[in-house]
1. Glu33: accessible area at probe 1.4 Å, nearest 10 Å²?
2. Calculate the FRET efficiency for Asn45 and Arg147 from the Cβ-Cβ distance with a Förster distance of 30 Å, rounded to the nearest 0.05.
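The values are calculated or read from the model by the stated rules, or taken from the named source; none is laboratory data. Here the structure is a predicted model, which is why all the values come from computation and not from measurement. Cβ sites come from the backbone with ideal geometry, for glycine too, and all protein chains shown count toward neighbours. Side chains included, ligands, DNA and RNA excluded: accessible areas come from the protein's heavy atoms. Shrake-Rupley method; radii C 1.70, N 1.55, O 1.52, S 1.80 Å.
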Amino acid sequence: MEQQIPLSHEASAGDTNMRVTASLPQEVVQCIENARFLHLATCANNTPHVSLMNYTYLPSSPYSRGPVIVMTTNPASKKTNNLTTNPNVSLLVHDWVSHRPSATTSQSRRLSSGSSPVRAPPSSLAALLYNLNASAISSISATISGRARLVDRDSPEEHYYRDVHLENNTFDDAMVDLGGIAAGGGVAADGEEKGVLTNGVGPGTGTSRFAAGEEVRVIVVGIRDVRISDYKGAVRDWVIAAPGEDETDTGVDGV
């Protein structure tokens, strides 16, 4: 049984308990492969920006010996502008399913009535989702840090990543996630609010419009480190070793 330490500022914000690995832990790979979207955080001029993105994970490629995340974006998007000035990014991916429970009586009603709020019993859907999160089916989130770059236009590398990304993000028309986002709509082509699904995937959106359009830019994020958190608050940190570096166990898991 692995040793665990109490969650503290050092364990949560520090790096003394990081482990070094040449590849992503299997539970992170499973999370990445199960999830449909990720959140991409970029920053410029000390102003952060978050986008909801479709993505493709590759443990390696002809152009990278280490694991990478591939995305596409409109060249005029805010994230593109941010990446040109600051290539450091953070990605959040999780396979949790969620349901917002009914809120309790508002504070104003409590004050006016003088009575305590009555919490509605949890719905069967809420109970189902909680049980899913408590099982191995859906249990962690992964915060990934890395360095992003825009692949050179019309290069063999760009064609390779674009083709792989397009194939990975083409789904059956009938696919609908638990959140009610159908394959034909939901979030924007580059994660911004434009009324079509990321990368234009789905019926009637023109799958190649945003994944293979002439103006689309391909983003490749080289993964530097990853933090694993579960729904109970357990935290573990991993650093991805550069090719040729030895794996060294530098600490224990943080809880």
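1. Surface open to solvent at Glu33 totals about 120 Å².
2. Values: r = 19 Å, r/R0 = 0.62.
After rounding to 0.05, the efficiency reads 0.95.
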